[in-house]
Amino acid sequence: MKMSVDKDETLQRLKAAVHYTVGRLCQKTGEDHRREFSRQVIAAIAETTFRQCDIFAKDLEAFARHAKRSTVTTDDVKLVARRSTALSIYIQNKSEELNQEQKDLKKKNTGKRKSRETEEESRE
């Protein structure tokens, strides 16, 4: 019983967070374009967003499970995004950006390691 209450409470909190965020985005967009969004429109966008995120989450879990993994990877995210060209391109670009950042970080760490080894050798 306790588990169900916690799960329901978490679900309500997530919905409230999505609703709040959608409201803020609508407010900002409305200011930028001199438009107003009714409460009903904001609620409808929030509900649609929440449902779509739920679908994405279930798809991501299924893709990882199909690959016999317990962890969702960027490849799973790319698969979810394949239905939307714009989203797919955005995610592909972000993925490449992250990969490049990780390569740069590895190079930086390797450089530090080499300089430490050089220091240690010069002390000997």
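Eigenvalues of the alpha-carbon gyration tensor of region 40-101, scaled by 5 and square-rooted, set the equivalent ellipsoid semi-axes at 24, 17, 9 angstrom, largest first. Listed options for semi-axes √(5λ) of the Cα gyration tensor in Å are [x] 41, 22, 18; [y] 18, 16, 15; [z] 46, 16, 7. The value calculated from this structure is the one marked [x]. In loop segments of region 1-98 as defined by DSSP, the GluC sites (Glu not before Pro) with at most 14 further C-beta atoms inside 10 Å of their C-beta are Glu36. P(r) tail for region 1-57, what percent of Cα pairs lie past 19 Å? Result for the distance tail: 38 percent.
Counting heavy atoms of the protein chains only and a 1.4 Å probe, report the per residue accessible area for the chain as a whole number of Å². On a per-residue basis, 88 Å². If you line up the long axis of helix 39-66 against the longest principal axis of the chain, both from Cα atoms, how many degrees apart are they, to the nearest 10? The angle comes out at about 40 degrees. Enter the angle in degrees (range 0 to 90, nearest 10) between the Cα long axis of helix 2-33 and the first principal axis of the Cα atoms of the chain, meaning the one along which they spread out most. Its long axis makes an angle of about 90 degrees.
The values are calculated or read from the model by the stated rules, or taken from the named source; none is laboratory data. As the structure is a computational prediction, the values presented were derived from the model and not from experiment. Reconstructed Cβ throughout: ideal geometry from the backbone, glycine too, with neighbour counts over all protein chains shown. Note: areas computed on protein heavy atoms with side chains; ligands, DNA, RNA excluded. Shrake-Rupley method; radii C 1.70, N 1.55, O 1.52, S 1.80 Å.
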